[in-house]
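First the structure, then my questions, so here it is.
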Ligand code: KG4
């Protein structure tokens, strides 16, 4: 079975062709970073306009790279939510229209489900059940994953997502957008113990997160140093900030796995590309006898291959969408 998958929930236009259930024939991502970088964040109106321009060429490119025409496609899968509705509507409507015109089945996929399953696109695959940390620009949540259709949320951020914190700190340091890659690059040259930024544990039993206080604390520190005219070591700030984020993410992920009695931990979402998060989690999981599964960075950030995989399982579960199905901004999973 060949699946054409489309993802347009935020600022990347992506399409992939997947051979059921997990062989990626092609995966194309068109980034909008250069459009949004001067604003220090995503401008929704510009994002949806760019999706409209790119959706057709990106889908054509994915089909071409997979060496297949629409005649060879058996199923269309597209992200239905959550995300920016103006962005979602472009990919989701395109998918439904294509399915209608070609007489193909179409499934709507929750973006979070894509991240929760993306490690199944790699080898070795984790067996079920597992604990998953999904950490991106829009989400920071812990889930128990029992099978490809059963996800239980264990905790989530009460305010900013971790990626959002990276982006906001980068903005206040004048580092552009997206913040994660540049902060992690600079952090590699800094001292993670230079500044002790606060960690929001939210009580010993809580699996929720909070990053807005940390961001405010970085802003106060930067402001203070500028007012005192003292030299601002950007790498030290980046390393110390990153350490505070990683510390909490790793700690709560291990606590969640322990609470669920899971042997396996899975990482997903754009922040999962962060080398420090990857190495700290790997070390702590190894110490606790847990097996960690991390998708390669290209499958951590937004992509359509993970939507194809999650869509395949929705198709097997009989969850097809009608042509009048709507996109949604908030995930029922979250
Ligand atoms: O999953 P994703 O591509 O898009 C959504 O948010 O849905 O994640 C993008 C987020 C951005 O906030 C970006 O700053 C962050 O992931 N990110 C990183 C790194 N690479 C991307 N954060 C920390 N370290 C990185 N290396």
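Note the full-extension length gain between residue 102 and residue 46 as 0.36 nm times their separation in residues minus their Cα-Cα distance, in nm to one decimal.
Value of the extension gain: 17.2 nm.
Out of every Cα-Cα pair in region 128-229, what percent are more than 17 Å apart?
61 percent
So between residue 172 and residue 159, what do we pick up on full extension, going 0.36 nm a residue minus the alpha carbon distance?
2.9 nm
Let me ask something additional. Label points 7 Å out from Cα along the Cβ direction at residue 224 and residue 23: separation in nm?
Calculated label separation equals 5.8 nm.
Helix 275-287 against the longest principal axis of the chain: what's the angle in degrees, Cα atoms only, rounded to the nearest 10?
Rounded to the nearest ten degrees, it is 90.
Working from Cα positions, state the angle (0 to 90°, nearest 10) between the long axis of helix 162-172 and the longest principal axis of the chain.
Relative to the chain, helix 162-172 is tipped by roughly 60 degrees.
Let me have the 222 nm mean residue ellipticity of the chain computed from DSSP H runs of 4+ only, each contributing -39500 (n - 2.57), with the sum over all residues rounded to the nearest 500.
Only helices count here, giving -13500 deg cm²/dmol.
Ok, one more. Suppose the Debye formula is applied to equal point scatterers at every Cα of the chain; what is log10 I(q)/I(0) at q = 0.14 Å⁻¹?
Log10 I(q)/I(0), no solvent term: -1.07.
For the chain, take the longest principal axis of its alpha carbons; what is the angle in degrees between that and the long axis of helix 234-260, to the nearest 10 within 0 to 90?
Helix 234-260 sits at roughly 60 degrees to that axis.
A further question follows. Determine the relative contact order of region 177-334: mean sequence separation of Cα pairs under 8 Å and six or more apart, normalised by residue count, in whole percent.
Relative contact order for region 177-334 comes out at 22 percent.
Another one. Please work out the C-alpha center-to-center distance from region 161-237 to region 114-153 and express it in whole Å.
27 Å
For the chain, what relative contact order do you get, as a whole percent, if you take Cα pairs closer than 8 Å and at least 6 residues apart?
Reported relative contact order: 25 percent.
Go ahead and run the numbers for FRET between residue 85 and residue 53, Cβ-Cβ distance against an R0 of 22 Å, rounding to 0.05.
0.75
Now a separate question. Among 71, 223, 251, which one moves the most in a GNM of the chain with springs linking Cα atoms closer than 10 Å?
71
A further question on this structure: Among 228, 80, 125, determine the one that fluctuates most according to a GNM of the chain built with springs between C-alpha atoms less than 10 Å apart.
Between 228, 80, 125, it is 228 that shows the largest mean-square fluctuation.
Throughout, read-outs are computed from the coordinates displayed, never taken from laboratory work. Note that the coordinates shown come from a computational prediction; the quantities given were computed from them, not determined experimentally. All Cβ positions, even for glycine, are placed from backbone atoms using ideal geometry, and neighbour counts span all protein chains on display.
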